[in-house]
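Input: a single structure, listed below in structure tokens.
The values are calculated or read from the model by the stated rules, or taken from the named source; none is laboratory data. This is a predicted model, so every value here is computed, not measured. Backbone-built Cβ (ideal geometry, glycine too); neighbour counts: all protein chains shown. Heads up: the accessible areas ignore ligands, DNA and RNA and are worked out on the full protein's heavy atoms, side chains in. Shrake-Rupley method; radii C 1.70, N 1.55, O 1.52, S 1.80 Å.
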Amino acid sequence: MSIRIALDNQPEFYTNLDFISGRVILVLHRPETIGNVIVKLEGESRTALTVPNPGDRDDFYRPRAPGIGIGGDIVTESHKILYRVFQVFPDDSVSLPFQAGLHEFKFNFKVPLNNICHDEKAMSGLMGIGGIGGSGFRTMDGTKQLMLQHVRATLPPSLTGFPQEAEIRYYIKVTIQRPGFFKENWRYQVGFKFLPIEPPRPPKTSQEAFARRPFTFRPRGPTPHRKSSFFGSRSPAPSSLDDPTQMPPNIEMSARLPFPSILTCNEPIPLRLIARKLAPTTTREQQVYLTGIEIMLIGSTQVRVHNLENTEVTHFPIVSVPQLSPPIALFNSPTDPVDTEFEVPKTLWADRRLPNTVAPSFRTCNLARRYAIQILLTLSWGPPATSHRQIPQTITLPLKLSSVEVFSGITPPPELLNSMALADGAGRIAVGGGGSSQRPPQLPQRPTNAQPQQQQPGPQRPNNQDPLYPPQLGTLANTMYEDAPPSYDEAMADRLAGPAARPAYSGVTAENAPSTMPAEKS
């Protein structure tokens, strides 16, 4: 026996509103009786942190490495951010014998916009067993999700790189059930990368976010002259750089980004560096030069497990030039008036794109990623040193833009943007954001292939064609709950196809590598 999942036209990564279709290929070496063939589309966000010392309350908020603590006690938290079920066999709830050979079962899913774990009705309907008619199969126990804290947000990107601490994975799992007490079910799963669509971008404005820092060089002191030697050598003539009465330059450096500060995956940074003169200068020796530059994107990943928190910091170098050759003079002329501005040429970073391992900003129930930009500028008073005697003053100036968002670069379909714009007057939609949201008063008709059923006394058979909440299909406990109505954006998204344009993105996720997370305690 062998099982394999073959995806149709698998891209480098999937995104929201994509159709994921494929085949389950089963090869039997002898006749077998098969009860159910269940395919699940799942996404999971898992975190783990070490329990701190009970006697130190402050240690709850200190950074720690998982697995280091008293007795190695580790607490975990797992959120099913995506869960959809598709029963590909049988159609009539009857087990059938299969002859030896190759058998294929087709499946098809559509990736939704938002996570599902925040939906209380959907989670309450998952009691660990499902099925249509008399055939039953296991599902997740959604009641465990009701005890956790959730936010409603767009599905987060695939994320690894924090062993035994945090990961977000997406995968397709198939379970082939064999009737009988002593027969083990066959299981197989394959992972895939996921990158979400970006939220609607705000309209462009002339406003800018900035970080600025004024500075003044230290006044130069008198340089002692060497005495004449026995052989009559003469000390060199004094330079204007040695003039103690010369006023030191006073300059303000600022880094500016368009507001709101939004970067795009695999795109250059729309950064501007501007120098402004704060004090008058008259000679060339009072000129200030830019001799080095470093631009770093800093990613902060917030990991939460119940009431424990930890922040992991990751640095992504964009530009690192410690020695510019030739150095850049910050003003065209030393005699420029006060408040003159000079923009540093963008050629230093205009062709430097964000690394393709940078994931977009996101927030989910137990994980969040935010970004900041840190810039280090090396400035020199006077031209570069031409001798040991004339060494100019240098200063390293830090600038930090602490509130920066990174978007995926996958533009939502225009139809979805238009529907969201119409809904803004009635309620906020949580595409790309987190937290609770209000629903518009009027919702569009829910797309379905099933005919409306008339109410009848007694339990009703759930509709197995509902494209919005497949995990509720066929659960025995679902007869006690009504179908949860879709949100406005989800209802509109069911009518749309996935975006066509995709940026280059690889991420750091090895989608089929074994998980490094500790086992959950039951």
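List of remarks:
- With respect to being in contact with a strand residue (DSSP E or B) (Cβ under 7 Å, 6 or more places away or on another chain), within 22 Å of Tyr371 (Cβ to Cβ) and open to solvent by 80 Å² or more (accessible area, probe 1.4 Å), His315 fits the description.
- The residues of segment 136-164 that are modelled with pLDDT of 75 or more, assigned to a loop (DSSP other than H, G, I, E, B) and over 16 Å from the mean Cα position of the chain (by Cα), listed by number, are Leu148, Gln149, His150, Pro163, Gln164.
- Glu12 vs. criteria in a strand (DSSP E or B), surrounded by fewer than 21 Cβ atoms within 10 Å (Cβ to Cβ) and either out of contact with any helix residue (DSSP H, G or I) (no Cβ under 8 Å at 6 or more places or on another chain) or modelled with pLDDT under 90 (or both): no
- Candidates Arg178, Arg187, Arg226 - the one that is surrounded by fewer than 18 Cβ atoms within 10 Å (Cβ to Cβ) and modelled with pLDDT of 90 or more: Arg187
- Taken together, Val75, Val94 contain a single residue that is open to solvent by 20 Å² or more (accessible area, probe 1.4 Å), at pLDDT below 90 and assigned to a strand (DSSP E or B), which is Val75.
- Test for Ser21: is it more than 30 Å from Pro97 (Cα to Cα) and either more than 24 Å from the chain's Cα centre (by Cα) or open to solvent by less than 70 Å² (accessible area, probe 1.4 Å) (or both): no
- Matching residues in segment 15-47 - criterion: being in a loop (DSSP other than H, G, I, E, B) and not small (Gly, Ala, Ser): Thr15, Asn16, Leu17, Asp18, His29, Arg30, Pro31, Asn36
- One residue stands out among those in segment 378-425 that are of a type in the set (Ser, Thr, Tyr) and outside any strand (DSSP E or B): the one that is modelled with the highest pLDDT, which is Ser408.
- Among the conditions (1) open to solvent by less than 60 Å² (accessible area, probe 1.4 Å); (2) out of contact with any Asp or Glu (no Cβ under 6 Å at 6 or more places or on another chain); (3) within 23 Å of Pro392 (Cβ to Cβ), the only one that Ser325 does not satisfy is (1).
- Enumeration of residues in segment 24-54 that are open to solvent by 30 Å² or more (accessible area, probe 1.4 Å) and among the polar types (S, T, N, Q): Thr33, Asn53
- Thr291 vs. criteria surrounded by 14 or more Cβ atoms within 10 Å (Cβ to Cβ), under 17 Å from Thr396 (Cα atoms), of a type in the set (Ser, Thr, Tyr) and out of contact with any helix residue (DSSP H, G or I) (no Cβ under 7 Å at 6 or more places or on another chain): yes
- Meets criteria (among the charged types (D, E, K, R), out of contact with any Cys (no Cβ under 9 Å at 6 or more places or on another chain) and either open to solvent by less than 40 Å² (accessible area, probe 1.4 Å) or modelled with pLDDT under 90 (or both)) for Asp339: yes
- Residue check, Ala372 at pLDDT 90 or above, surrounded by fewer than 14 Cβ atoms within 10 Å (Cβ to Cβ) and within 30 Å of Ser408 (Cα to Cα): no
- For segment 97-108, the candidate set comprises residues that are of a type in the set (A, V, I, L, M, F, W, C) and surrounded by 10 or more Cβ atoms within 10 Å (Cβ to Cβ); within that set, the residue that is nearest to Val37 (Cα to Cα) is Phe105.
- With respect to the conditions (1) touching a Ser or Thr at 6+ places or on another chain (Cβ under 6 Å); (2) within 30 Å of Pro360 (Cβ to Cβ), Thr15 lacks only one, and its number is (1).
- On inspection, Glu267 qualifies as modelled with pLDDT under 95, acidic (Asp, Glu), touching a Pro at 6+ places or on another chain (Cβ under 8 Å) and under 30 Å from Gly409 (Cα atoms).
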